[in-house]
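Accompanying notes for the structure given below.
The values are calculated or read from the model by the stated rules, or taken from the named source; none is laboratory data. In this text the structure is predicted, and so the values were computed from the model without any measurement. All Cβ positions, glycine included, derive from the backbone under ideal geometry; neighbour counts span all protein chains shown. Only protein heavy atoms, including side chains, enter the accessible area calculation; ligands, DNA and RNA are left aside. Shrake-Rupley method; radii C 1.70, N 1.55, O 1.52, S 1.80 Å.
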Amino acid sequence: MSFDSASFHHGMRPSPETAWRELGARFVDRGLLNLEEWNRIQQQAQLSGTSPGELLRSNQTASEAEILREMAEITGIPFKGLHEYQVDTGLTAKIKAKTALRYQVLPVQDDAGVITLATAVMPESMMEDSLKMLLGGQIRWVYVLESELLKALSHFYGLGAQNIHEIITTTQLDELNFEGADIGEGSEEAGMIEFVHNIILEAIKMRATDIHIEPFEDHVVLRYRIDGLLQKVPLPEGIAKLKRSIASCIKNMASMDIAEKRKPHDGRIKVRAINEEFDLRVSVLPTRHGETVNMRILSRGSMSISLATLGIQDEDLPMIKYLGGLPHGIVLLTGPTGSGKTTTLYAMLNELKSDEAKIITVEDPIEYQMEGISQLQVHSKIGLTFASILRSILRHDPDIVLIGEIRDAETADIAVRASLTGHLVLSTLHTNDAPSAVTRLVDMGIEPYLVSSCLEGVVAQRLVRRICSKCKEPAEMPPPLIPELEAQFGSHLDFSGIRKGSGCADCNYTGYHGRTALHEIMMVDDDLRMEIIANKPANEIRETAAKKGLTSLRQKGWKMVLNGETTVDEILRVTQKQSYHSTT
């Protein structure tokens, strides 16, 4: 039933219809579907204008990768991963955004004037002829996965370029100079809404926590906060003409007053994407060149994360579980904003949640919803502060209290007294390392003897980005850093496991995908309590803790570098060199 695809040499590729018939014949021969099913798919494709490949994927006959592998054999066009090519803006500039998006192709290689184009579908002859004319020479093809291609098109040509092009080209020219108004402001509403939806959906797909849209005189900047760092997302040409329309559309979606452009606004958008519900907390600020927009993305799903899924190092997990299981006392998580402190605390609460324990949290804002615990939101404008809420909840007989953050002396004092009366208090504090938490509490006005009595442990935390597994490659340790590592781990170090990410579509060309935590855990024992009572400075407390086995954030980070989990740059970014050498 099939034919020999080897007979199709360069320039003798079968037509799309012939290729699809051959692919269907192969699947029928293998028993993946019967002839009647294949005929029905062909008829449905003709009637709906849908590709047979999409129908084969939708009924789960074969995956996209399986279909493209077969088409590669049939057509002679290779099937590769997009990460195998070093694509740059100089190469993608050979085709204009309008053409690339219309034909869904991406230039990935220039071999002496012969351009290789990536596609997710079999190229048709008319499209091929048009592209040859535009490029002024020969072209080659390579199949890539559609998901990889779409990511790359957004990255190189700008997110939502097709929508923006349509809005601009379909708007009347006399709108261009109407008292500074945007093109499309008040018109082409559906196209603008779709463009904003694309921004939000792409942010969710890319695991972003924040969306920043910033207008300037002649351009607009879109940035996503992914894995803790802001990443610029390319936008299509002409977007500056629509900067006011973008802000107005978002304000309308968040039920704000779109006519008021002089004052800050706050609102909320509820969206559903990828079978999950999200809250977008929207903040709008007036700037010289228009309104700048920030959207914080929060999942509305119940919190189900556990300590086991946080990627905590094996030697740290027992200590964190021990601290979470104490009957009373204070356990502090320290670190800068965005270091994952609240997430770790909630993972601890998830372990402690039971019918025997009453858990109450006081937060500003409530970042995660968790079943089985009582969560209270701070409202300072009506007098509901951390301190006032804490006084009330202690009369509700809780076993465990989570305080979102110890911000002032009054909150710290109530937290200390709650821990001394038989409650386990979990909270966060902004300090650079674990020993500094002691001096911070003393600076807030808590007597050293009270700190020594109630403080059970301090966990300093940082988040580092993981190297992307798809584009991971060998790397070298910078020579100036080698003496520091040898001083900590000895001179016989093996640097062969060091890696870096070269950048691919899967990681948005950053070389990183996902994050993991570094922890510096200080368990407060009798010797440390004596130093706290003596009001010793943080560096002396650190020296004592180090002699008892405290491993610094920096040391934990270097171990991850040597194991190929993260990069040297990440450790230098989130940690600082300590003034002592550990005995471990």
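See the values below:
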{"item": "³J(HN,Hα) computed for each position of segment 445-452 - Karplus, 6.51 cos²θ - 1.76 cosθ + 1.60, integer Hz, glycine/proline x", "result": "x, 7, 4, x, 5, 6, 4, 5"}
{"item": "Radius ratio Rg over Rh of segment 494-584, counting only Cα atoms, Kirkwood formula for Rh", "result": "1.12"}
{"item": "Cα centroid separation - segment 92-107 against segment 535-576, whole Å", "result": "47 Å"}
{"item": "Gain in span if fully extended, residue 43 to residue 102, counting 0.36 nm per residue against the direct Cα distance", "result": "18.7 nm"}
{"item": "Excluding exposed DSSP-loop GluC sites (Glu not before Pro) (at most 14 other C-beta within 10 Å), longest clean stretch of the chain", "result": "1-123"}
{"item": "Net charge contributed by nearby residues that have their C-beta within less than 12 Å of residue 56 (K/R +1, D/E -1)", "result": "-2"}
{"item": "Gain on full stretching of the segment that runs from residue 337 to residue 36 - 0.36 nm per residue minus C-alpha separation", "result": "102.4 nm"}
{"item": "5 angstrom amide H check on residue 509, placed H, neighbours 5+ away", "result": "504"}
{"item": "Accessible carbon and sulfur surface of the chain relative to its total accessible area, %, 1.4 Å", "result": "48 percent"}
{"item": "Interchain or long-range residues, amide H under 5 Å from residue 216's placed H", "result": "221"}
{"item": "Neighbour count of at most 11 Cβ within 10 Å plus DSSP loop: longest trypsin sites (Lys or Arg not before Pro)-free window in the chain", "result": "289-576"}
{"item": "Hypothetical label at residue 308: residues of segment 318-351 whose amide nitrogen lies under 20 Å (7 Å Cα-Cβ projection)", "result": "318-326, 343-351"}
{"item": "Amide proton proximity set for residue 145, modelled H, under 5 Å, gap of 5+", "result": "82"}
{"item": "Taking the convex hull of Cα positions in segment 426-544, its mean projected area over all directions (nm²)", "result": "10.2 nm²"}
{"item": "(i) 87, 68, 43; (ii) 86, 65, 50; (iii) 83, 63, 54, with the label sought being that of the calculated Cα extents along the principal axes in Å", "result": "(ii)"}
{"item": "Derived scalar couplings ³J(HN,Hα) [segment 498-504; Karplus, 6.51 cos²θ - 1.76 cosθ + 1.60; whole Hz; x for Gly, Pro]", "result": "6, 9, 8, x, 7, x, 8"}
{"item": "Solvent accessible area, Å² - residue 85, 1.4 Å probe, full protein context", "result": "30 Å²"}
{"item": "Gyration tensor (Cα) of segment 250-395, equivalent ellipsoid semi-axes in angstrom", "result": "34, 19, 15"}
{"item": "Distance violations [Cα-Cα > 32 Å] among 341/559; 98/500; 472/548; 94/243", "result": "98/500; 472/548"}
{"item": "Lone cysteines, the chain (no partner Cβ under 4.7 Å)", "result": "249, 454"}
{"item": "Overall Cα dimensions of segment 36-113, principal axis frame, Å, largest first", "result": "48, 26, 19"}
{"item": "Linear extension gain, residue 443 paired with residue 57, 0.36 nm per residue minus alpha-carbon span", "result": "132.7 nm"}
{"item": "Share antiparallel - DSSP beta bridges, the chain, percent rounded to 5", "result": "65 percent"}
